[in-house]
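We did not get these values from a lab; they are worked out from the coordinates using the rules stated. Computed from a prediction, not measured in an experiment: that's the story for all the values here. Here the Cβ positions follow ideal geometry from the backbone for every residue, glycine too, while neighbour counts run over all protein chains shown.
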Amino acid sequence: MKFSSVMTTPGEWLRGEGPHHQVVISSRVRLARNLRNRPFPGWAKKADRASILDLVRPCVEELPEMQDSFSESLQDLSALDRQVLVERHLISREHAAKGAGSAVVINRRQTLSVMINEEDHLRMQSIRSGLQLKQAFKLVDKIDSALESKLEFAFDRYLGYLTACPTNVGTGMRASAMLHLPGLVLSELINQVIQAVSKIGLAVRGLYGEGTEAMGNLFQISNQTTLGEKEEEIINRLSKVIETIIEKEHDARQALLQRKPNTLWDQIGRAYGVLTYAHAMASKEALNLLSIIKLGVDLGAFPEDRRLPIDELFIDTQPAHLQKSSQQKLNAEERDHLRAQIIRDRLKLLPRPDISRMARESGISPSDGPSNNE
Amino acid sequence: MQKVNLCDACSKEKGVQDPTGFALADLLLGIGAAEEIEKGAPTQKCPVCGFSQADFKKTGRLGCSGCYVTFAEGLSTLLKAMHKGTKHVGKLPERAHRTMELTHQMRALNENLQKAVAAENYETAASLRDQIKQLENEISNSS
């Protein structure tokens, strides 16, 4: 499969059809594995990395799940193509910075990606739409077992799978979900939730993982520890916490509708106005406003059939996707213009927010809501 | 009200923890695990890959799987502080699984051997001894 086909087919998770898809954008599970007694990628000499890659890559490409896969050395990918893969969460930012001796193999449906010589020799990841951590684990566990019959992984009876960073030792597993939490952010409850989640040994991060900022009301929640707990236990614990957060998010949205409908309608109206009329828009602003429109779809202010084009804009307005689609390198100002133009085009068919429908669906009598004098 | 800023400084302030990166450095300095490893053998190098503790202190990453044996003592303190438990209870690779099965069989055979010897049942004991030898070969081949 060519890179151009990766570009033109959106990943399965982007379609957003999984369970709880209103709040949970995607679920990911990754496993870190290393070859026994071979230097980890960060410590290995160039020749070592190359020989490890030559050993591992065919094994990954031969997997039945990787039929007709996209497989490429990082050195053969342009900086822009790498960034596109980062924006799709198919490779990590760390992996994008790698060169010779590193590669990535991605299956056709973009539900599975294997990074070779990232921080560990192998980082295998499965990504699914909505809350599907168990299914994501099942898929990545299967290819792990298949690879293990061909490669000798570093494993210790007491410490489990051995990884370059001691924080991943044991299961080598990081399970995470991307949550869209505008209700909790707008009602200023998000910090309480983040603190509560951190206290029970889970990590909360921004859009692109470690050390990144939260944008578009998107948050990643993942397990922080990997030793002393079974994979299934970690996933169950995480799933339960996420289900609680989903409930809290729905509660927060209801509370906003009941107590602060004007604030909510103001936000949705402004987001609609700016997105449909602006001629320059930074990616951060776009994400934040699209988040509010997405919330509007969830609440019935916009028709349900507009959901997919809005969800797609979250990815398509990211800097690398934007430049890839315009087929030229753009400076920041040009990007902002193009971004605004794409958004205006795609939202042409988006009707004005239907406040009365939203109020009706949430059970608020029209007298409580603002007058709808358009 | 549009966003929550989770840069490093803010995340610290808000009590959000990052398990690697900064938090790792904090852990190292906070508990002094790195210093602890150094006290034991400051110049020790991993015989498999040549990695030293100074390298670990610098990068927060290890050199190869052999480093877990070389630096086992110091790492155990670090791992205890980092994780929920100290022993892996999750997935076993088929290979390790097989070795464990063989180890179990070995234990049973040894017990039977002792019983046979105690009962002065030397014929059984001799046959058990043969089985144990065979199993020992299998274990050394599989690991």
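The C-alpha atoms of chain A define a longest principal axis, and helix A:133-148 lies at about 20 degrees to it. Residue order for A:Ser69, A:Ser129, fewest other beta carbons within 10 angstrom first, comes to A:Ser69, A:Ser129. Neighbour counts of C-beta atoms inside 10 Å place A:Phe219, A:Phe155 in the sequence A:Phe155, A:Phe219, starting with the fewest.
Helix A:46-61 and the long axis of chain A differ in direction by around 70°, with both axes built from C-alpha atoms.
Per residue of A:222-229, other chain Cβ atoms within 10 Å of the residue Cβ number 6 on average.
Shielding by partners for peptide A:165-178, expressed as the average number of C-beta atoms from other protein chains within 10 Å of each residue's C-beta, is 5. Using just its DSSP H runs of length 4 or more, each adding -39500 (n - 2.57), chain A gives a mean residue ellipticity at 222 nm of -14000 deg cm²/dmol after division by all residues. By the count of other C-beta atoms within 10 Å, a proxy for reagent exposure, A:Arg253, A:Arg57 are ordered fewest to most as A:Arg57, A:Arg253.
When segment A:59-179 is described by a simple charge dipole with +1 on each Lys and Arg Cβ and -1 on each Asp and Glu Cβ, the residue from A:Met66, A:Ala97, A:Ala175 located farthest towards its positive end is A:Ala175. Local charge for B:Ala126 was computed over the other residues whose Cβ lies under 15 Å away, with Lys and Arg +1 and Asp and Glu -1, and equals 0. What is the sum of charges around A:Ser176, taking Lys and Arg as +1, Asp and Glu as -1, for the other residues whose C-beta is under 10 Å from the C-beta of A:Ser176? Counting the neighbours of A:Ser176, the net charge comes to +4. Within the same chain, lysines fewer than 8 places from A:Lys324 are excluded, and of the rest, those with a Cα less than 25 Å from its Cα are A:Lys2, A:Lys98, A:Lys284, A:Lys294, A:Lys348. Where a ≥ b ≥ c are the square roots of the eigenvalues of the C-alpha gyration tensor, would you call segment A:217-374 rounded, which needs a/c under 1.5, or, failing that, prolate if a/b is larger than b/c, or oblate? Taking the square roots of the gyration eigenvalues as a ≥ b ≥ c, segment A:217-374 is oblate. Residue by residue along A:183-191, Cβ atoms of other protein chains within 10 Å of the local Cβ number 2 on average.
Could you tell me whether segment A:257-336 comes out rounded, prolate or oblate from its Cα gyration tensor? Rule is a ≥ b ≥ c as square roots of the eigenvalues, rounded for a/c under 1.5, then prolate if a/b exceeds b/c, otherwise oblate. The shape class here is prolate. Between helix A:261-277 and chain A, what is the angle of the helix's C-alpha long axis to the longest principal axis, kept within 0 to 90° and rounded to the nearest 10? Helix A:261-277 and the main axis of chain A meet at about 70 degrees.
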